[in-house]
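To start, the structure itself, in structure tokens.
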Amino acid sequence: MIFASVGSMLPFDRLVKAVDDWAAANPACQVFIQIGRGDYEPRHAPWTRIMPAEEYRRRIRDSRLFVAHVGMGSILQGLEERRQMLLLPRHQALKEHTTDHQLHTAKRFKDTPGLLIVDDVPALQASMTELLERPLAASEGISTVATAPLIAGVADFLRAARGTR
């Protein structure tokens, strides 16, 4: 199953339409799209605007491929669930966001195992097919809990901060 998501903050009709068009050309593949507040409503894949966090997490976990925008929430959840991810950044010039920060995020994460970032719709659709046939190397994932040294460091910082008042 492919799970595609635009997040909950802004519409991303370019991504939704690209995934829906891919679903039309690949009817044997199960696709589900979370479309947020966009205007484009898919015609070839089931969809919802927003879903409860537990269902969202389950859909990522159950997917063979997680397709999303280059948002930190999407990246972190995909890494936590160790899913292969295909990401398309929003562009300010296309009025998909107020800044091009997703391009900077894409540059930072471009070499992350288990994650592929593409620049346009044709590359997204070609990569969807490719990644189902030949998946990426598994993501190393990330932990959902802080390490003991991190917790100790924060505690030391807070103790020191209290002592300065």
Nearest 10 degrees, 0 to 90: what angle lies between the long axis of helix 121-133 and the longest principal axis of the chain (Cα atoms)? 80 degrees
Test of understanding: what is the full-extension gain from C29 to T129, defined as 0.36 nm times their sequence separation minus their Cα-Cα distance? 35.0 nm
Pair A155, R43: separation of 7 Å Cα→Cβ label points (nm): 6.0 nm
Length-normalised contact order for the chain - Cα pairs under 8 Å, 6+ apart - percent: 20 percent
Quick one: compute a quarter of the convex hull surface over the Cα atoms of the chain and quote it in nm². 11.8 nm²
Any idea how far apart M72 and D119 come out in nm if each label point goes 7 Å out from Cα toward Cβ? 2.6 nm
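Every read-out reported here was derived from the displayed coordinates using simple, explicitly stated rules and does not represent laboratory data. Quick caveat: nothing in here was measured; it's all calculated off a predicted structure. As a convention, Cβ positions derive from the backbone with ideal geometry for all residues, glycine included, and neighbour counts pool all protein chains shown.
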